[in-house]
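Undergrad: Below you will find the structure I want to go over with you.
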Amino acid sequence: MINIIAHRGYWFDSAEKNTLTAFSRALENGFGIETDLRDLNGDLVISHDVPTIGAISASQLIALYQKYPISAHIALNIKSDGLHNLVHQFIADAMFQNVFVFDMAVPDMRDYLKNQIPTFTRFSEYETQPALLTDCKGVWLDAFESEWYGIDEIIFLLKQNKAVAIVSPELHGRQHLALWELIRAHELHHNDLVSICTDFPMQAKEYFDE
């Protein structure tokens, strides 16, 4: 079954993005979580933008995650270089059952791979040759301007036994239904290697469960 990943948690209002409330709501409903990691004064914190004092510590996410007996997918968007040692320890402490990192700079990606951290490479209209694809566990399939890819690109990746995390179009301000229809029409929603990162996790669950 397709893995539904709630973009910055399952939030009802934009102010809830990347908050413990949104993360808790996602886990309560069985959804995975995509969130952003940076460092502040030597500690790992959750923040999309440059963090300030008071940012949620990564350890708070660990405590929350461990309250729920589910194997939710955790997608860690690496927003700063040089965090691989901190992230490695964070993942070990959390004992995530399904986790991957993505979006770091390519030179930085090599350190994540050397530390055997599950890593996804990016594939988009601007990154037409996914870096270090052979070594990566999966692909973060993105489309900034329009859905430039089709079913052939997704099948190509799946045949290489790569997990594929598809960015739903609403994350870039576009309508999502056509892409969701493509996924369902080709029965990708029955493939455990396929995930979708969405701002509408509950709608996605209802749509793909039909």
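Undergrad: Express the C-alpha Rg of the chain as a ratio against the empirical globular expectation 2.2 N^0.38 Å, rounded to two decimals.
TA: 0.96
Undergrad: Mind listing P(r) for the range 99-151? All alpha-carbon pairs, 10 Å bins, whole percents.
TA: Per 10 Å bin, starting at 0, the Cα pair percentages come out as 26, 52, 19, 2.
Undergrad: Separate question: Which net charge results for the neighbourhood of ALA163, defined as the other residues with beta-carbon distances under 9 angstrom from its beta-carbon, given Lys and Arg at +1 and Asp and Glu at -1?
TA: +1
Undergrad: Then there's this: Going by Cα centres, the range 102-169 and the range 182-200 are how many Å apart?
TA: Here the answer is 16 Å between Cα centres.
Undergrad: By DSSP, what percent of the beta bridges with both residues in the range 29-166 are antiparallel, rounded to the nearest 5?
TA: Counting DSSP beta bridges with both partners in the range 29-166, the antiparallel share is about 25 percent.
Undergrad: Ok, one more. The range 34-144: D in µm²/s via Stokes-Einstein (Kirkwood Rh, Cα pairs, 20 °C, 1.002 mPa s)?
TA: For these conditions, the coefficient is 148 µm²/s.
Undergrad: To the nearest 500 deg cm²/dmol, what mean residue ellipticity at 222 nm is calculated for the chain from DSSP H runs of n ≥ 4 alone, each contributing -39,500 (n - 2.57), summed and divided by the residues?
TA: It lands at -8500 deg cm²/dmol.
Undergrad: Using only the heavy atoms of the protein chains and a 1.4 Å probe, how would HIS190, HIS88, HIS176 rank by accessible area, largest first?
TA: Largest accessible area first, the residues go HIS190, HIS88, HIS176.
Undergrad: When ligands, DNA and RNA are left out and all protein chains stay put, how many square angstrom of accessible area per residue does the chain have with a 1.4 Å probe?
TA: Per-residue accessible area for the chain comes out at 47 Å².
The values are calculated or read from the model by the stated rules, or taken from the named source; none is laboratory data. From a predicted model like this one, the values you see are computed outputs, not experimental measurements. Ideal geometry is used to build each Cβ from the backbone, glycine not excepted, and the neighbour counts take in all protein chains shown. Remember, those area values only see protein heavy atoms, side chains included, never the ligands or the DNA or RNA. Shrake-Rupley method; radii C 1.70, N 1.55, O 1.52, S 1.80 Å.
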